[in-house]
1. Counting Lys +1, Arg +1, Asp -1, Glu -1, what net charge surrounds F127 among other residues with beta carbon under 11 Å of its beta carbon?
2. Under a plain spin-label model, where a point goes 7 Å from the Cα along Cα-to-Cβ, how far apart in nm are F118 and T2?
Amino acid sequence: MTIFASFILLALVRLAVAFPAYDSIAGLSEREINEYVARNGVAAIPNPPLPLPKGQDGLKLVNDPAHPFIAAGPNDIRGPCPALNTLASHGYLPRNGVARPNQIVTAVMEGLNLGNDFAKFLCYQAFLMNGNPLTNLMSIGMKTHLTGPDLPKPALVGGLSQHGTFEGIIPSNCISELI
């Protein structure tokens, strides 16, 4: 039992050393972070949508007149998620492919009919791994300067194209090696 307790203590100490409690985000002072937040504001997390209008008993039409399809331009970012790409091409998300978490939550609720709780879970799980908490922006594709400055390691601001951080997919060559 003593060996087990020592092992657990060692594991916990290792975690405490790996993530210092007082390191500043992006190497900025508290004053600089407060100025940045005051200048850029704080985005509210969307509430669940209202019930469907009377007489509508099905899903919302994604390709409605308010959200026409416009193909991605040469400077627009698209990534590995076909759903987010579709939402950006229809204007539910900013068409350039860089959005705030609250925009992504609202877009997947309106465009894909996801529930509010599940939409928040997916969005913020991805945002914590691949978004920029200082600017509150995330790319739905590759790393871009549009999301703001890079944070110090081990943080990544690589967008959703940053493989192996959010999706947890095992590459197919690893699966074939197991077979």
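1. Values: positive: R100, K120; negative: none.
Once positives and negatives cancel, what remains is +2.
2. Result: 5.2 nm between the two label points.
Since every read-out is calculated from the coordinates, none of them should be taken as a lab result. As the structure is a computational prediction, the values presented were derived from the model and not from experiment. Virtual Cβ from ideal backbone geometry, glycine too; neighbours counted across all protein chains shown.
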